[in-house]
Amino acid sequence: MAQSTEVVRLAAQQYRQASEVLGRAFYDDPLTQYVIPDDTRRARLLPSFFGTAVRYCLRYGEIFTTPDVQGVACWLPPENAIPTTARIIGLGLSALPLRLLPWDLGRALLMENYTGAMHRSVAPVRHWYLWVLGVDPPCQRRGVGSQLMQPILTRADAEGTSCYLETEKEVNVPFYQRHGFKVMREGKMPRSNVHVWAMLRAPGAQ
């Protein structure tokens, strides 16, 4: 049953906690399993992997969580909706690739190229990008993810702006559809079994 949860902005000092929550939330995600197939290495590396998105959004976007960091929603605004390599390097986040094996890095780049092309082809010129939404496994199915999205969905409606996301889990598709997102494009990444759904929400969609 969904419970009412207070939603707050993530504080900079909560960076590590947020990264660890996202690492646990995406441990069994098809995309992270593809990039880092080894279970032990994936568990160790995912907090750093998602720490990139957290630090990037702390600087260029909006991050919402709960007071005890049950989950994390990382958004990028219309003026910064597509992450750039230059900004990632500028934030000192270029060390992560050094922790990946060459074949891990190759799969990560393939993933980035595929989802990036899908993003650019589907999303309108101005949109909010839900880059990452994850809830700590013990806190899932309590409505936390829904509530973490609400501040930006409400703001986007007021601005008349669309919202965009990708998901690699089919079970997530109806969840996002309940919040007004529609599947605009889907496909399987080359040389993988990873299926990607690109979803767009028009302003005011229910």
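The values are calculated or read from the model by the stated rules, or taken from the named source; none is laboratory data. Predicted model only: the values in this text are computed from it and were never measured. Methodologically, a virtual Cβ is constructed for each residue, glycine included, from the backbone with ideal geometry; neighbour enumeration extends over all protein chains shown.
Structure notes:
- Pairs are defined by a Cβ separation below 7 Å, a sequence spacing of at least 6 or placement on different chains, a first member in the stretch 33-52 that is closer than 17 Å to residue 111 by Cα and in contact (Cβ under 8 Å) with a residue 60 or more places away in the chain, and a second member that is surrounded by 15 or more Cβ atoms within 10 Å (Cβ to Cβ) and basic (Lys, Arg); the pairs so defined are 34/107; 35/107; 36/42.
- For the criterion of being farther than 14 Å from residue 130 by Cα, modelled with pLDDT under 90, surrounded by 12 or more Cβ atoms within 10 Å (Cβ to Cβ) and charged (D, E, K, R), residue 55 fails.
- Residue 72 fulfils the conditions (1) modelled with pLDDT under 90; (2) under 18 Å from residue 15 (Cα atoms) except for a single criterion, (1).
- Pick from the stretch 84-98, criterion in contact with a helix residue (DSSP H, G or I) (Cβ under 6 Å, 6 or more places away or on another chain) and within 28 Å of residue 148 (Cβ to Cβ), ranking: modelled with the lowest pLDDT: 93
- Residue list for the stretch 18-51, filter: surrounded by 17 or more Cβ atoms within 10 Å (Cβ to Cβ) and over 15 Å from the mean Cα position of the chain (by Cα): 33, 34, 35, 36, 42, 45
- Qualifying residue in the stretch 128-139 (condition: outside any helix (DSSP H, G or I), farther than 14 Å from residue 204 by Cα, modelled with pLDDT of 95 or more and among the small types (Gly, Ala, Ser)): yes
- Which listed residue, of 186, 170, is within 17 Å of residue 121 (Cβ to Cβ) and in contact (Cβ under 8 Å) with a residue 12 or more places away in the chain: 186
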